[in-house]
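Sending over a structure as C-alpha cells; questions will come in a sec.
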There are 6 protein chains.
Amino acid sequence: MLRGSTKFERPDAAVVEQLSALSSATIHEAQGRLGALDSTIKPVDHRMSLCGSAFTVQCAPRDNLMLQTAIAYVRPGDVIVVSAGAYEEAGSFGDVLANACQAKGLGGLITDTGVRDTEDLRALGLPVFSRSVSIKGTVKETIGPMCEPVTIGGVLVHPGDVMRADADGVVVVRREDAAEVVTASQERDDAEAGYISAYRAGKTVIEICNLTPLLAAKGLVIEE
Amino acid sequence: MLRGSTKFERPDAAVVEQLSALSSATIHEAQGRLGALDSTIKPVDHRMSLCGSAFTVQCAPRDNLMLQTAIAYVRPGDVIVVSAGAYEEAGSFGDVLANACQAKGLGGLITDTGVRDTEDLRALGLPVFSRSVSIKGTVKETIGPMCEPVTIGGVLVHPGDVMRADADGVVVVRREDAAEVVTASQERDDAEAGYISAYRAGKTVIEICNLTPLLAAKGLVIEE
Amino acid sequence: MLRGSTKFERPDAAVVEQLSALSSATIHEAQGRLGALDSTIKPVDHRMSLCGSAFTVQCAPRDNLMLQTAIAYVRPGDVIVVSAGAYEEAGSFGDVLANACQAKGLGGLITDTGVRDTEDLRALGLPVFSRSVSIKGTVKETIGPMCEPVTIGGVLVHPGDVMRADADGVVVVRREDAAEVVTASQERDDAEAGYISAYRAGKTVIEICNLTPLLAAKGLVIEE
Amino acid sequence: MLRGSTKFERPDAAVVEQLSALSSATIHEAQGRLGALDSTIKPVDHRMSLCGSAFTVQCAPRDNLMLQTAIAYVRPGDVIVVSAGAYEEAGSFGDVLANACQAKGLGGLITDTGVRDTEDLRALGLPVFSRSVSIKGTVKETIGPMCEPVTIGGVLVHPGDVMRADADGVVVVRREDAAEVVTASQERDDAEAGYISAYRAGKTVIEICNLTPLLAAKGLVIEE
Amino acid sequence: MLRGSTKFERPDAAVVEQLSALSSATIHEAQGRLGALDSTIKPVDHRMSLCGSAFTVQCAPRDNLMLQTAIAYVRPGDVIVVSAGAYEEAGSFGDVLANACQAKGLGGLITDTGVRDTEDLRALGLPVFSRSVSIKGTVKETIGPMCEPVTIGGVLVHPGDVMRADADGVVVVRREDAAEVVTASQERDDAEAGYISAYRAGKTVIEICNLTPLLAAKGLVIEE
Amino acid sequence: MLRGSTKFERPDAAVVEQLSALSSATIHEAQGRLGALDSTIKPVDHRMSLCGSAFTVQCAPRDNLMLQTAIAYVRPGDVIVVSAGAYEEAGSFGDVLANACQAKGLGGLITDTGVRDTEDLRALGLPVFSRSVSIKGTVKETIGPMCEPVTIGGVLVHPGDVMRADADGVVVVRREDAAEVVTASQERDDAEAGYISAYRAGKTVIEICNLTPLLAAKGLVIEE
C-alpha cells in the first residue's frame, strides 16, 4: 500500500510574484548557480513562461496515471513537475488534460518526457516545458509517489519549491530560500542594468570588467 | 537491372480529406497506437501540416537521385516519403526542387534526412517534415527502389498509405484501414470534446476518469 | 606568457556585402561543398542572419573569459567566432554582453556552446548562432588564443575569413577566396533561378535534369 | 481480438549453415548493401556471433510480455527478433529467460531495447545483440503481433528471414534470397582473399584498385 | 562560507556484505524498481563490481577539486559518488588519484563525468563506473557540497546509502531500507533459481508464467 | 583539377619513439591541454595503442576513395588520419585494406567514421581508432585533399604531426613542438610517479595537494 500525500507547504505568494519578474538565468546565478534543469527541457514555444509552486509527481516512463492524478489535487497557480524517466518517445499530456488544467487555474507543467497537441497548448496559453513532442500515447498502469521530492533534469525538486521557467530554461528555487533569492536576483538585475547602461554610454568591456590586469595576471598580453 | 514502378493504388480522396481534419495524435490513438514515426522527424515550421497518399522512395544516405526521380512521377496531392538512412548532415531538398514540387501540386514531403532553404519552404507554403536542417548538399549517384515499401522513423510505409503530419509529428495510416480509422478517430475526437466540455463545466479528473477506485485497486490511497 | 594578437587582415567590405545577399547553402555549394559548420550550430531564431569578418577566439568549455576579451577588440561588422569545446550545458553569452556588442556595432556571434537571455537577443536583433540555449553561467578563469585559427563545428576558421549564416546554418569562406566565391555563387543562383522559372512554366524534372538517360545508365528502368 | 500466429516458413537449414560461415559485412555487401541494422544494435560481447531463422515479435517499449510469449513458441536454432521502440532504459531480457531459451536450443536474440544479467549471458554463451544494457525491468501489460513483419534498426524483418550477426553488427537476409546471397557472398569472400594474398605478396593499392586512371578521371593528380 | 561535513551514518557492514552478493538488477527489482542510475554510467571494464557506502560529493563540470577533497576523508570500503554535471569530455580521475584511493582502501568510484588512465585502473583493480573515458583534464577551482545528498544518473543519493554496481549498471539502496532489501532480493534470487531449474528441467514459459490465460484475458489468441 | 601532395616533413623518429612511451593523457596535459580529439573516437579494442606521423586525408562521408589512395602513399610507421564528416553509419575500412596496410608497415589508422571486420583487426594487431563499428560499406566517388591539414574530433591535424593513441583516446602533437612535449611529458610522469610513491607510503591528499589552505581560501571549511 502506497500513501500519496497532497499536503505540503506552498511558497509565499508575494515571493512567487516577485520571482516571476526575474529571469530563470538571473535566478540561477543569484542563488549560486544551483537549481538549473538540463537544457534538454525546453518550452513548447519560446514565448511561454511560468512561475509557481511545484506540485511534484513521479510517473513510470510512458505512463501518465500519476500525472492525471496530480491534476485532481493541484491548486490554482501550482506548477506540476513530472519526473518520468526522461523518455522522449511519449506524449504524456495533450489537449484534454490541458483543458482540465486550465479549468483548475494551473500555472503550468514541466516534464522530462514528451507532450502532444502542441498547437492546442499554444492556443490555450498554458505554459508547458518538456523534453520532446511526441504523438505516442501513454498507459495508465503504474502508481507512484506524489508530493514527494523528485529528480528531474539532473536536480532535486521538493513540493512547494518555486519553479521559474522561460525561453531559456527552467530553474528551481528552494521554498525556504525564495525570499533571499529574490533579493539577490534583484541586486544582480540592478547591477546588470548598470552595466548595460554603461555599455550603451560607450564604456568598454576593458573598463567595466577591468580586463587588462586580470588577463595580465593570468599571463596574457594583448598586442593591439 | 532494377525496375522502378510508379503504379500503386491511391487512397480514396474523400477519406484523405476526412483524415486531414484529424490530428496525427488522434489518428495514432484511434488505430491502436500504430504508425507513429519517431519524434525526431518534425516540421520545418510548427504551422506546417499535410495529409496525402505516400509516394515512397529509398535514397542512399547523402544522395538524392531517387528523390529527384520521384518528383517526376508524383501526382497532385501525393506526399513524397524519403527513407535515406536517417543521416542528419545532408540537405537533400531545397528551393529548386520545392518549386518543382509546387508546380506539380505536391501535398508535401517527409524525410529522415535533412533539408535546406527553409525560409523559402516557409514562403512557398510547402509542408516539409525532416530530421534536420543542413546546408550540405547531396550527390546523385545511387539508384534504389521507388513505390516500394520503405521503413522510416521506425515504421513501414507502403505506397498509397495515407501520411498525416502536423506540429506534433507524423503518422501513417494503411490504405486499406483508412476509412475505418476515420470513424474511430472521429469517435475519439467526439469523446475528447465531451471530456473537454465537462472539464470546462467544472468536472474533475477524479470524476471523469473515475480515478479513486482505479488507484485504490492499484494500492494507492491519497491523503487529502 | 601567451601573446594575444588583435591584428589580422579583414575581407573586402564590398565582397562581404555581396556574400550577404547569398544564402549559406548556395555559398557552400559554390565553393565546392567546403566550409559548412555542423548542423548542430543553429540560429537562436530562424529569422536571424549575418555576414561578416570572423574574429576568432578559443575558450575553455564553460569559461567565457576570452569571449569577453574579444568583445573589447572587435570592429564594427565583425562576427565573433567562439570555439569552446562544443559544450551544451553553458550559457556563455547573454543580455549584458549583447548590449556591449551592439554598442560596438558587432555583426553577430557564432559559438559551439550555449547562450542565454534569448528573448533579449531577439529584441535587440543581434544575430546569434549557437549549439544550445542554457541558463547555466560560465567562469572566467582560462586564457587562450585570440585571432588565431580555430576549429568549430568540424571546420577550420581563420581570423578574417567571412562567416555567412542564416536559417539553414553557417558557412565559412576563406578570405582569399571570397571574391571568387561570390562569382561562383551568383552563377549558381542564376542557374537555379532559371530552373525555378522552368519548373513554374511547367517543365519537368525529367527534362531539366535529363533524368531518363542518367537512370538508364545506372541500371534503373521506370515503368510508368 | 488479436490473433497471433506461430507458423511461418523457415529457411533451408543448409543455407543457414552456409551463411553462418560468412561475415555480416560480407553478406551486406553481397546482397547489394541491403538489410544492415543500425550500428547502435551491438553484441553484448564482441565474441558473440549467431545465424538463424528470425522469429519476430513486437513489444511495447518497456514491456516484454510478447518476448516471453515468443520464447514459448520458438524452435531450436531460431533467433528471436524483438522490435520494442528502440528504448534504451529497459532491461527486457536476463538470466531467467536466457535459461529458458537455452533449454529450447535458441540460436540467439536481437533486440532494439536493453538487456541485463550480461555476465550470465556471457557465461551461458547465448549470443545476444541489443541497443543497451540496463538494470531497469519491464512490465508485462501489452499484447502485440508475433511472427509478423517488424521494423528494427531501420530495416524490415519477416519471420523466416535469416539473421546473421557478429562483432561488427547485424544483417537480415530475405529467406527467398538466401541461397543466392550465399553464392554472391562466397564469390566476394574469394575475391577478397585474392586481394589479401596480393597485398601480402607486395602488390599495391594502386595496382589492385587501378587507382591512377580512376583518380585522373575524377580530376586528382598526385604529386609524389 | 561553505561548511563541508564528513560525518554521516554508514550502513551496517554485514548488510553491505550481503548486498555485495546480489546483482544490481536483482536489487533494483526487489526494492520496487527504484534507485537505478541511467544506463549511460557504466563500468570501465565489465569485470568490475563494487558494493559500499556512498561518500557523496558535488563537483562543477570539468572541475575535480571536490573529488580530490573527498579522497582525503573517505574511510576503507567507501564508494565515492561524484555528481559533476554529466559532462562527457573530461577525465576527472586517473592513475595518481587511483593510487591515493587504493592506499586508503576505497571500495570504488562512481561518476557521471569521465575518467582516464583506464588501463591503470584495470591493472590496479579499482572498480570505477563513469559516463565516459576522456584524456582531457579538469581544473581545481570550485568548491561544493560534500557528504550531502546529490543527484546522479537521474536518482538521489544520500551519504551512507549503499551503492551496488556491476557489469549491468549501478543501483543505490537507501541506508534505512538496506536490510529489508537484502531479504527481498534473496527471495527474488531464490524464486529465480527455481525458475531456472524448472526451465532446465524442461518446463516451458507457458507453464511457468501461466501465459495462456494471461494472454487470453488481454485478447490475444495464439494459433499454433 | 585538384593536386594531391604526398610530400611533407615527418617527425624525428627518436622523438616518436619517446612519445610512444608516454600516455595520451600525459601528453595532452604536458602540452597545455591541447590536441585531444573528442572522446567519441576510441580504439576498436582497449589494448590497441599507436604512435606515429600523421598522414592526413579528407574523405566525403560514406566514401573511402581517398583513404584507399592514402594507403598507396604511406610510409612504414605512418598513421593514416581520416576526416570523413563524423558519420557513424559507414564501415570505411576492413580486412582487405587492413592487410594492405600491414604489408606497408602502417603504424595505425584514426578516423571519425566507422570501420568493420573488427575481429580481423584484432587478429592482425593493427591499431585502429574510430567513431563507430558499422557493416555498411562506402562508395568510391569523391576526390579530396591528401597530406593537407584536416580537422578531426574537434582539432586540427597537419601531415607530419605526431598521433599518439591508447585506451583513453587520441592526442595530436605538433611536429615542431614534439621534442619539447617529450621533455614536459617526462617531467610530468616523474612528478606523478613521485605522488604515487608518496600515496603508497601513506601520505594523504591533504598533504600532497596542500588542500587545507586552498579550500579555506575558496571559502570551504571541512568539519571532520
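The values are calculated or read from the model by the stated rules, or taken from the named source; none is laboratory data. Predicted, not measured: the structure shown is a model, and the values here were computed from it. Here the Cβ positions follow ideal geometry from the backbone for every residue, glycine too, while neighbour counts run over all protein chains shown. Keep in mind that these areas ignore ligands, DNA and RNA; they rest on the heavy atoms of the full protein, side chains included. Shrake-Rupley method; radii C 1.70, N 1.55, O 1.52, S 1.80 Å.
Here are some residues: A:Gly202, A:Gly194, A:Gly160. Which one is in a loop (DSSP other than H, G, I, E, B) and open to solvent by 20 Å² or more (accessible area, probe 1.4 Å)?
None of the others qualify; the one that does is A:Gly202.
Just to be sure I understand, how many residues within the stretch B:1-41 are hydrophobic (A, V, I, L, M, F, W, C) and under 15 Å from the mean Cα position of the chain (by Cα)?
Number satisfying all stated conditions: 10.
Right, here's the next one. Does the stretch D:9-29 include one or more residues that are at pLDDT below 95 and part of a loop (DSSP other than H, G, I, E, B)?
no
What residue, among those in the stretch F:123-167 that are farther than 16 Å from F:Ala60 by Cα and of a type in the set (Asp, Glu), is farthest from the other protein chains (Cβ to nearest Cβ)?
Here the residue is F:Asp161.
Being aliphatic (A, V, I, L, M) and in contact (Cβ under 8 Å) with a residue 12 or more places away in the chain narrows it down to one of C:Ile206, C:Ile222, C:Ile152, so name that one.
Exactly one of C:Ile206, C:Ile222, C:Ile152 is aliphatic (A, V, I, L, M) and in contact (Cβ under 8 Å) with a residue 12 or more places away in the chain, namely C:Ile152.
In the stretch E:176-184, is there at least one residue being part of a strand (DSSP E or B) and at pLDDT 95 or above?
no
Does the stretch E:11-36 hold any residues that are more than 9 Å from chain D (Cβ to nearest Cβ), under 26 Å from A:Val155 (Cβ atoms) and surrounded by 15 or more Cβ atoms within 10 Å (Cβ to Cβ), and which are they?
The answer is E:Pro11, E:Gln31, E:Leu34, E:Gly35.
Which residue pairs have Cβ atoms under 6 Å apart, sit 6 or more places apart or on different chains, and have a first residue in the stretch F:106-133 that is under 17 Å from F:Gly77 (Cα atoms) and part of a strand (DSSP E or B) and a second that is open to solvent by less than 10 Å² (accessible area, probe 1.4 Å) and among the hydroxyl-bearing types (Ser, Thr, Tyr)?
F:Thr111/F:Ser130
Also, quick follow-up: Within the stretch A:205-224, can you find the residues that are part of a helix (DSSP H, G or I) and of a type in the set (A, V, I, L, M, F, W, C)?
A:Val205, A:Ile206, A:Ile208, A:Leu211, A:Leu214, A:Leu215, A:Ala216, A:Ala217
Also: Taking the stretch E:69-91 as the search range and keeping residues that are touching a helix residue (DSSP H, G or I) at 6+ places or on another chain (Cβ under 7 Å) and open to solvent by less than 10 Å² (accessible area, probe 1.4 Å), which one is farthest from the other protein chains (Cβ to nearest Cβ)?
E:Val82
What number goes with the only condition from (1) under 30 Å from C:Leu121 (Cα atoms); (2) surrounded by fewer than 24 Cβ atoms within 10 Å (Cβ to Cβ) that A:Gly137 does not pass?
(1)
Tally time: how many residues in the stretch C:148-163 are closer than 16 Å to F:His158 by Cβ and of a type in the set (D, E, K, R)?
1
May I pose another question? Among the listed residues E:Ala167, E:Ala179, E:Ala184, which satisfies the condition of being open to solvent by 10 Å² or more (accessible area, probe 1.4 Å), touching a residue at least 12 places away in the same chain (Cβ under 8 Å), under 17 Å from E:Leu50 (Cα atoms) and out of contact with any Cys (no Cβ under 7 Å at 6 or more places or on another chain)?
Among E:Ala167, E:Ala179, E:Ala184, only E:Ala167 is open to solvent by 10 Å² or more (accessible area, probe 1.4 Å), touching a residue at least 12 places away in the same chain (Cβ under 8 Å), under 17 Å from E:Leu50 (Cα atoms) and out of contact with any Cys (no Cβ under 7 Å at 6 or more places or on another chain).
For the stretch D:176-224, give me the residue count where each residue is within 30 Å of F:Arg3 (Cβ to Cβ), within 7 Å of chain F (Cβ to nearest Cβ) and not aromatic (Phe, Trp, Tyr).
Adding up the residues that qualify gives 14.
Going by the conditions given, is A:Phe55 in a loop (DSSP other than H, G, I, E, B) and either more than 14 Å from chain C (Cβ to nearest Cβ) or surrounded by 22 or more Cβ atoms within 10 Å (Cβ to Cβ) (or both)?
So A:Phe55 fails the test.
Let me ask you something else. Identify the residue in the stretch A:35-79 that is out of contact with any Gly (no Cβ under 8 Å at 6 or more places or on another chain) and β-branched (Val, Ile, Thr) and, among all such residues, is nearest to C:Gly91 (Cα to Cα).
Here the answer is A:Val44.
Considering only the stretch B:58-68, how many residues are open to solvent by 20 Å² or more (accessible area, probe 1.4 Å) and assigned to a loop (DSSP other than H, G, I, E, B)?
2
Does the stretch C:113-122 contain any residue that is buried (at least 18 other Cβ atoms within 10 Å of the Cβ), under 27 Å from the mean Cα position of the chain (by Cα), more than 14 Å from chain A (Cβ to nearest Cβ) and farther than 27 Å from B:Leu124 by Cβ?
Among the residues of the stretch C:113-122, not one is buried (at least 18 other Cβ atoms within 10 Å of the Cβ), under 27 Å from the mean Cα position of the chain (by Cα), more than 14 Å from chain A (Cβ to nearest Cβ) and farther than 27 Å from B:Leu124 by Cβ, which makes the answer no.
Every residue, every condition in (1) in contact (Cβ under 8 Å) with a residue 12 or more places away in the chain; (2) out of contact with any Cys (no Cβ under 8 Å at 6 or more places or on another chain); (3) not assigned by TED's automatic domain parsing to the domain that holds F:Leu97, yes or no:
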residue	(1), (2), (3)
F:Gly4	yes, no, yes
F:Lys7	yes, no, yes
F:Ala21	no, yes, no
F:Thr26	yes, yes, no
F:Glu29	yes, yes, no
F:Gly32	no, yes, no
F:His46	yes, yes, no
F:Gln58	yes, yes, no
